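Engineer: Quick one: this structure, given as structure tokens, is what I'll be asking you about.
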Amino acid sequence: MPGGWLLSMAELGNIILIGFMGSGKSSVGRLVARRTGLQFVDTDALVEKQEGKAIPEIFAEQGEEHFRYVERLMLEEIANEKRMVLATGGGIVLREDNRQSLRDIGFVVWLTANEDEIFRRVSRNTNRPLLQTADPRAAVKDLFSTRRELYEQTADCVIDSSGMPHRAVVDRIISRARQYFAA
Ligand code: S3P
């Protein structure tokens, strides 16, 4: 990676990725971090580390409410970081205080894709407790429709990654972030 490119990223602050499960927050976020030199942080990974178990176990043993409580604690813990790419769990926007914190912390990008593509992506694994239902397709539809407004309210910009390669999504996020932090 040429040093000049990293140096030109010096003006960047925190970049926060929000969006539905399967929207690519973690994979794209990791690439954005690599390209910008910012630190990569993932709230799901922090919750798992804090609890010493994987998300499906947390949901099964302590329930969603406990998961949301720990997710909030983790967000409070990292709120003072200055140069990170933060990938968040898809339900982080459910709490009003989280929505406010995310907006306070940095530039918030809502990463989205069309529902078919989201469904295709989330069908690849079984690590999302909220989709372990008799009709996961209906669960995606339901959750997506109730959360859309919350993502919209919280985000500074929206990027629809449907049919886009990761590299193009990364380019777009970085370019929008630079505009935001230059303003
Ligand atoms: C959730 C999304 C998951 C994880 C948990 C709950 C949600 O994160 O936080 O399973 O409520 O949408 P991803 O969006 O990274 O899959």
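Read the figures in this text as sums done on the coordinates, not as results from a lab. For clarity, every value in this text was computed on a predicted model and none was experimentally measured. Quick reminder, even Gly has a Cβ in these numbers, built from the backbone with ideal geometry, and neighbours come from all protein chains shown.
Engineer: Whole-Hz Karplus ³J(HN,Hα) for the range 158-163, in order, using 6.51 cos²θ - 1.76 cosθ + 1.60 and θ = phi - 60°, x for Gly and Pro?
Structural biologist: 10, 10, 8, 8, 4, x
Engineer: Here's something else I'd like to know. Please compute the length gained on full extension between residue 82 and residue 178, using 0.36 nm multiplied by the number of residues separating them and subtracting their Cα-Cα distance.
Structural biologist: Working: separation 96, 0.36 × 96 = 34.56 nm, distance 1.51 nm.
Result: 33.1 nm gained on full extension.
Engineer: Describe numerically, in nm with one decimal, the distance between label points set 7 Å from Cα along Cα→Cβ at residue 61 and at residue 133.
Structural biologist: Rounded to a tenth, the inter-label distance reads 2.6 nm.
Engineer: Please identify, among 120, 148, 72, the residue showing maximal mean-square fluctuation in a Gaussian network model of the chain using a 10 angstrom Cα cutoff.
Structural biologist: Between 120, 148, 72, it is 120 that shows the largest mean-square fluctuation.
Engineer: Across all directions of projection, what mean area in square nanometres is found for the Cα convex hull of the range 1-94?
Structural biologist: 6.4 nm²
Engineer: Can you figure out the FRET efficiency of residue 142 with residue 11, using R₀ = 35 Å and their beta-carbon distance, to the nearest 0.05?
Structural biologist: Values: r = 40 Å, r/R0 = 1.16.
Here the calculated transfer efficiency is 0.30.
Engineer: Next question. At 0.36 nm per residue, and after removing the present C-alpha to C-alpha distance, how many nm does the segment from residue 54 to residue 158 gain when stretched out fully?
Structural biologist: On the way: separation 104, 0.36 × 104 = 37.44 nm, distance 2.93 nm.
Taking 0.36 nm per residue and subtracting the Cα distance, the gain is 34.5 nm.
Engineer: Something else about it: Each residue of the range 45-54 in order: what ³J(HN,Hα) in whole Hz does its phi give by Karplus 6.51 cos²θ - 1.76 cosθ + 1.60, θ = phi - 60°, with x for Gly and Pro?
Structural biologist: 5, 5, 4, 4, 5, 4, 8, x, 7, 6
Engineer: May I pose another question? Would you grab the residues whose amide H sits under 5 Å from the one on residue 89? Only those 5+ places off in sequence or on another chain, please, with H modelled 1.01 Å from N.
Structural biologist: Distant-sequence amide H within range of residue 89: 43, 44.
Engineer: Positive end of the charge dipole of the chain (Lys, Arg +1 and Asp, Glu -1 on Cβ, about the Cα centre): tell me which of 173, 145, 101 has its Cα farthest that way.
Structural biologist: It is 173, whose Cα lies furthest towards the positive end.
Engineer: If you don't mind, there's one more thing I want to ask. Where q = 0.18 Å⁻¹, what log10 of I(q)/I(0) comes from the Debye formula for the range 136-183, counting one point per Cα?
Structural biologist: Values, matching the q order: -0.74.
Engineer: Given that compact globular proteins tend to follow 2.2 N^0.38 Å, what is the ratio of the alpha-carbon Rg of the range 78-134 to that value?
Structural biologist: Working: Rg = 14.1 Å, N = 57, 2.2 N^0.38 = 10.2 Å.
Normalised by 2.2 N^0.38 Å, the Cα Rg of the range 78-134 equals 1.38.
Engineer: So which lysines pass the test for residue 53, namely a Cα distance under 27 Å, with those fewer than 8 places away in the same chain ruled out?
Structural biologist: 25
Engineer: Roughly how many whole Å is it from the C-alpha centroid of the range 120-141 to that of the range 147-181?
Structural biologist: Their Cα centres are 23 Å away from one another.
Engineer: Please give every one of the aspartates and glutamates within straight-line cross-link reach of residue 82, meaning a C-alpha to C-alpha distance under 13 Å, and leave out same-chain neighbours fewer than 8 residues apart.
Structural biologist: Candidates past the 8-residue exclusion: 11, 104.
Engineer: Quick one: grab Rg to one decimal and Dmax as a whole number for the chain, Cα atoms only, in Å.
Structural biologist: So, for the chain, Rg and Dmax equal 16.0, 52 Å respectively.
Engineer: Per residue of the range 14-19, in order, report the coupling 6.51 cos²θ - 1.76 cosθ + 1.60 (Karplus, θ = phi - 60°) as ³J(HN,Hα) in whole Hz, putting x for Gly and Pro.
Structural biologist: 5, 10, 10, 9, 10, x
Engineer: I'm a student and want to see the number: the projected area of the Cα convex hull of the range 94-177, averaged over all directions, in nm². Walk me through the numbers on the way to the answer.
Structural biologist: Working: hull surface 24.6 nm².
Dividing the Cα hull surface by four gives the mean projection, 6.1 nm².
Engineer: Amide H to amide H under 5 Å from residue 39: which residues, 5+ apart in sequence or cross-chain, H placed 1.01 Å off N in plane?
Structural biologist: 84, 85
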